[in-house]
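This report refers to the structure that appears directly beneath it.
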Amino acid sequence: MTSLAVEVRGLTKTYSGGVQAVREIDFDVRSGEVFGLLGPNGAGKSTTVGMLTGTVAPTAGSARLAGREVAGEPLEARRVSAVVFQEAVVDRPLTGRRNLEIHARLWGLGAGAAARRLREVVDAFGLREVIDRPVSSYSGGQRRRLELSRALLSEPQVLFLDEPTVGLDPLIRYELLDLIDGLRRRGEMTVVLTTHYLDEAERLCDRVAIMHAGRIVALDAPQALLRALGTEVLEVRVDGDPTATLTRLRAHGMATDDVFSLGGTLTIPLHGSSAEAAVLTINQIGLNTTELTTRRPTLDDVYLRLTGGRLAAA
Amino acid sequence: MVTIATPASRPTASRPLAPTSPRSARALSTLVRRRFALSVRTPRELLVPLLTPVLFALVIAPALADQVTNVGGIDYMSFVAIATVGLLLPLSCMSAGIGVLVDRESGARRDLIAAPLRRPLIVFGNLTVALAVSALQLAVLIGAAVLRGAQFSSGSTGIMWFVAASLGLVVIMYGAAETLANRIPTQEEYVAALPAVAIVPWFFAGSLFPVNALPAGLAAFAKVLPLTHVLAVMRYGLVDHRGTGLHDIWGMSSPTAMALLSLAVVAAYAVLLTVVAVRVFNRATVQ
């Protein structure tokens with residue numbers, strides 16, 4: 001039987017002023033799983049991570065990390081977890097080594113264990129050349145690697161990565177994704193990752209929860225969520241009102257309930273029908289289209305179908 | 001491209017829990033060493049608060065002493081030397097508050113908050129360093145005042161009164177600094193508020209003249225200020241063995257009893273501001 005690393009029940013956060021950031025969410029994360037919280041800015045991802053790491057007090061509900069109640073046993077819950085924050089959280093005037101040593105001591109590592117772990121993570125993350133320099137002299141990628149290595153020093157059972165690649169240039173971002181992917185393959189640590197980058201979620205996560213307006217609107221493996229849309233979708237760009245076009249498509253039996261639109265674009269899951277047949281039908285109907293495209297469905301499509309909004313960052 | 005060279009994996013089920021609970025003392029020691037390392041790398045916190053009091057002790061106090069020979073039988077040079085301590089310690093503690101703001105805005109504070117430690121230890125770690133830095137600065141200032149001619153005559157009991165009052169003032173002012181640093185949104189606004197908190201009370205607290213020289217209303221206000229009590233106890237310990245400053249506050253005949261009362265007031269302020277500082281810190285760190 002697989003144990004649960006994260007258990008969330010009815011977790012709710014209402015900020016002063018009545019803003020409901022998270023609304024009664026429930027989910028479990030199995031040990032060793034990489035779990036993604038996916039959603040646009042304001043969906044409630046960071047608030048959820050804040051409640052799991054004890055920096056946001058829940059209004060209602062409960063959460064457990066490796067069996068420890070976050071609210072009732074905060075020190076125990078924090079001892080088995082670590083966080084990589086969205087923004088840089090380091091002591092820049094201090095050396096990388098000093099930053100790591102402070103973290104190791106605060107997480108209770110003995111001197112010998114701390115020295116051993118420090119050597120391991122410094123080598124693993126390619127920081128040996130810079131570890132004795134002040135962090136203020138690090139590049140953005142080096143600083144991110146330092147933060148990731150710091151979080152791994154204590155060998156946490158649950159690692160939270162809050163938008164770990166946001167604001168990084170593409171090269172550093174892909175380098176970091178490789179590192180996180182390496183953690184995933186090791187499979188000995190549970191990772192809860194928040195992101196609004198769809199490719200990150202698809203590549204890294206065993207399961208994702210898609211959040212919208214503080215609620216979880218879908219939760220499954222990325223491939224399972226994508227399978228619901230079939231293997232291919234047809235994008236139809238139209239002049240004028242897409243609703244009228246949709247009505248005509250439906251009249252010809254082309255579009256089912258999972259068609260969705262954004263602006264002048266209709267996205268039609270094909271569910272095994274051939275794209276050629278769909279295009280032929282559209283031409284026969286005589287729709288006023290400006291562009292027809294077929295492609296693989298993405299998590300963006302899943303989100304759009306569920307919420308009517310676009311997930312990916314503009 | 002970076003390759004992760006991983007140590008041998010262990011199965012999840014047999015993996016031990018993360019390391020054992022750090023004791024609070026160990027966590028506090030780590031926090032103190034961290035804060036000290038950050039402060040030492042920022043000479044601003046060590047040197048800037050010293051400038052004005054040392055200038056006062058070396059230049060202004062002697063000039064004033066030329067004009068006013070004594071106050072209530074106390075050599076004015078020595079009277080003002082104690083006042084410079086009442087200027088130094090608030091400035092020093094308020095400067096330490098800037099470190100709290102920097103920590104919050106661009107430092108590692110969030111990682112400390114996520115650590116398995118009791119969060120008020122973060123405040124106490126900062127306070128410990130503020131005490132150490134203040135003690136260092138105090139030694140420099142007293143040394144400068146003695147070199148310029150201030151005369152302190154005291155035994156060990158007098159020194160204890162002085163140390164106790166200094167300690168109380170640092171705790172009070174650091175509590176105020178930590179509170180403001182967690183309430184005020186930007187460093188600019190904090191620096192703007194610094195003179196009002198660190199310097200203005202000094203003018204009312206019997207620093208340059210006895211509080212009874214103030215108009216009645218202001219004298220009453222001065223007696224509520226913790227700094228007034230601190231300066232009176234410090235002077236009682238080092239230069240004013242008859243306790244004239246304490247008598248101005250309490251109007252009693254026993255200097256020791258009055259000093260104890262003033263220390264009690266200082267202690268009450270110290271406890272109050274520390275509790276407030278910890279509460280404000282908790283509110284600032286947990287939404």
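Hey, any hits in region A:55-74 for a residue that's outside any loop (DSSP other than H, G, I, E, B), hydrophobic (A, V, I, L, M, F, W, C) and closer than 15 Å to residue A:148 by Cβ? No, every residue in region A:55-74 fails to be outside any loop (DSSP other than H, G, I, E, B), hydrophobic (A, V, I, L, M, F, W, C) and closer than 15 Å to residue A:148 by Cβ. In region A:149-174, of all residues being in a helix (DSSP H, G or I) and away from chain B (no Cβ under 11 Å), the one that is farthest from residue A:37 (Cα to Cα) corresponds to A:170.
Tell me, yes or no, whether region B:126-144 has at least one residue that is away from chain A (no Cβ under 13 Å), within 30 Å of residue A:159 (Cβ to Cβ) and not in a loop (DSSP other than H, G, I, E, B).
Initial filter on region B:126-144 (away from chain A (no Cβ under 13 Å)): B:126-144.
Then drop every residue that is not within 30 Å of residue A:159 (Cβ to Cβ), which leaves B:126.
Checking the rest, the ones that are also not in a loop (DSSP other than H, G, I, E, B) come to B:126.
Yes, region B:126-144 contains a residue that is away from chain A (no Cβ under 13 Å), within 30 Å of residue A:159 (Cβ to Cβ) and not in a loop (DSSP other than H, G, I, E, B).
Screening region A:196-314 for strands (runs of 3 or more DSSP E) wholly inside it with 2 or more residues that are in contact (Cβ under 8 Å) with a residue 60 or more places away in the chain and not hydrophobic (A, V, I, L, M, F, W, C) returns the ranges A:207-212, A:289-295.
One residue stands out in region A:82-108 among those that are among the polar types (S, T, N, Q) and within 21 Å of residue B:34 (Cβ to Cβ): the one that is nearest to the other protein chains (Cβ to nearest Cβ), namely A:99. Scanning region A:19-33 for residues being without any contact (Cβ under 8 Å) to a residue 60 or more places away in the chain and either in contact with a His (Cβ under 6 Å, 6 or more places away or on another chain) or in a strand (DSSP E or B) (or both) gives a total of 1.
As an exercise: evaluate residue A:225 against (1) over 11 Å from residue A:39 (Cα atoms); (2) touching a Ser or Thr at 6+ places or on another chain (Cβ under 8 Å) and give the number of the one condition it does not meet. (2) is the only condition that residue A:225 fails.
Identify, from the list A:76, A:7, A:24, the residue that is more than 10 Å from chain B (Cβ to nearest Cβ), in contact with an Asp or Glu (Cβ under 9 Å, 6 or more places away or on another chain) and not hydrophobic (A, V, I, L, M, F, W, C).
Criteria check complete, one pass: A:7.
With the condition kept exactly as written, say whether any residue in region A:117-135 is among the hydrophobic types (A, V, I, L, M, F, W, C), within 25 Å of residue A:45 (Cα to Cα), at the interface with chain B (Cβ under 9 Å from one of its Cβ atoms) and surrounded by 23 or more Cβ atoms within 10 Å (Cβ to Cβ). No, region A:117-135 contains no residue that is among the hydrophobic types (A, V, I, L, M, F, W, C), within 25 Å of residue A:45 (Cα to Cα), at the interface with chain B (Cβ under 9 Å from one of its Cβ atoms) and surrounded by 23 or more Cβ atoms within 10 Å (Cβ to Cβ).
The single condition from (1) acidic (Asp, Glu); (2) over 30 Å from residue A:219 (Cβ atoms); (3) surrounded by 16 or more Cβ atoms within 10 Å (Cβ to Cβ) that residue A:301 fails is (2).
What about residue A:276, is it of a type in the set (D, E, K, R) and surrounded by 15 or more Cβ atoms within 10 Å (Cβ to Cβ)?
The answer is no for residue A:276.
Which one is farthest from residue B:171 (Cα to Cα), of the residues in region B:205-256 that are assigned to a helix (DSSP H, G or I) and of a type in the set (Ser, Thr, Tyr)? Even if it seems obvious, please write down each step before you answer.
Of region B:205-256, the ones assigned to a helix (DSSP H, G or I) are B:211-213, B:216-224, B:226-238, B:244-250, B:255-256.
Now restrict to residues that are of a type in the set (Ser, Thr, Tyr): B:228, B:236, B:244, B:256.
Details: B:228: 15, B:236: 20, B:244: 25, B:256: 22 Å.
Of everything passing the filter in region B:205-256, B:244 is farthest from residue B:171 (Cα to Cα).
From the list A:183, A:177, A:198, the lone residue that is within 14 Å of chain B (Cβ to nearest Cβ) and in contact with an Asp or Glu (Cβ under 9 Å, 6 or more places away or on another chain) is A:177.
The single condition from (1) at pLDDT 90 or above; (2) more than 17 Å from residue A:106 (Cα to Cα); (3) surrounded by fewer than 22 Cβ atoms within 10 Å (Cβ to Cβ) that residue B:129 fails is (3).
The values are calculated or read from the model by the stated rules, or taken from the named source; none is laboratory data. Since we're looking at a predicted model, the values are computed, not measured. FYI the Cβ positions are ideal-geometry reconstructions off the backbone, even for glycines, and counts take in every protein chain you see.
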